[in-house]
Amino acid sequence: MKDLSVIKETMSSIEIAELTGKMHKHVLEAIRVMEPSWEKVAGTKFRLGTYKDANQQDRPCYELTKTECLYVATKFNDEARAKLILRWEQLEKEKRNGNFQVPGSFKEALLLAAHQQEEIENQQKQIEANKPKVLFAEAVSTSQRSCLISELAKIISQNGVTIGQNRLFEWMRKNGFLCNKGASYNQPTQKAMELGLFEIKKTTITKSTGDIIVTTTSKVTGKGQIYFVNKFIGKESCHG
């Protein structure tokens, strides 16, 4: 049983991208290219709004009616267009058959309440599942604390991509963030330092013989932690 009030009259460009298997930026591009012709004939612009990404940054998205969706879909291939048409047909069927039904008995009332509670719990679980990445970015952005690469590996794993210290070192060397040979082995490259991803900590140790040893430790800055976590959870292109 569905309440008519929850059946939407529009579809967002994000939903269109997920439904058709396209990247959201490509859907946005198609909409923007086709909007002038639509405005000329229909006399209205497409409804432009925003949504929050994982880092709580505002990003653009559109809300389109069925007619607007099918107009934009003429830019898509046959398969994507078919998926969009079938989805709208499904939504309209739900709307036709989705009138809220008043429970006819105490048993039906209990079943309806249980179903609604399950939907609420599922929504809450999804919200909780999305929290770690957002909280991580907020916490690090307000902190100046740097961490060791071994700690970064644990942070990345906590955000959904399992990786150990050795594999992370190897990935960083392969992708040009750490030097891969010579006296500077496993130290940040010039590129990584210029991006502000690392800082170098030098420690002086005086041995019993009087000899002085200087050790160098590479630490990942707060900015670097956000950068690498975003790399591994797919918010930026992650090579290697």
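All of the numbers you see were taken from the coordinates with simple rules; none came from a lab. All of these numbers come straight from a predicted model, not from anything done at the bench. Virtual Cβ from ideal backbone geometry, glycine too; neighbours counted across all protein chains shown.
Data table
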{"quantity": "Karplus 3J(HN,Hα) series, Hz, for segment 151-163 with 6.51 cos²θ - 1.76 cosθ + 1.60 (x for Gly, Pro)", "calculated": "5, 4, 4, 5, 5, 4, 4, 5, 9, x, 10, 6, 8"}
{"quantity": "Of the chymotrypsin sites (Phe, Trp or Tyr not before Pro) in segment 144-240, those whose Cβ has at most 15 other Cβ within 10 Å and which sit in DSSP loop", "calculated": "TYR185"}
{"quantity": "Kirkwood hydrodynamic radius of segment 4-101, from inverse mean 1/r over distinct Cα pairs, in Å", "calculated": "14.4 Å"}
{"quantity": "Burial order of peptide ranges 34-43, 155-164 (average beta-carbon count within 10 Å, highest first)", "calculated": "155-164, 34-43"}
{"quantity": "ARG47 long-range amide H proximity, modeled H, under 5 Å", "calculated": "GLU63"}
{"quantity": "Net lengthening on full extension, THR10/THR204 (0.36 nm per residue, minus Cα-Cα)", "calculated": "63.4 nm"}
{"quantity": "Semi-axis lengths, Å, segment 196-235, gyration tensor of Cα atoms, sqrt of 5 times eigenvalues", "calculated": "35, 8, 5"}
{"quantity": "Segment ILE213-THR67, length gained on full extension (0.36 nm per residue, minus Cα span)", "calculated": "45.3 nm"}
{"quantity": "Nearest-20 debye value, segment 147-232 charge dipole, Cβ charges on Lys, Arg, Asp, Glu", "calculated": "120 debye"}
{"quantity": "Test item: Cα-centred dipole of segment 149-199, Lys/Arg +1 and Asp/Glu -1 on Cβ, debye", "calculated": "200 debye"}
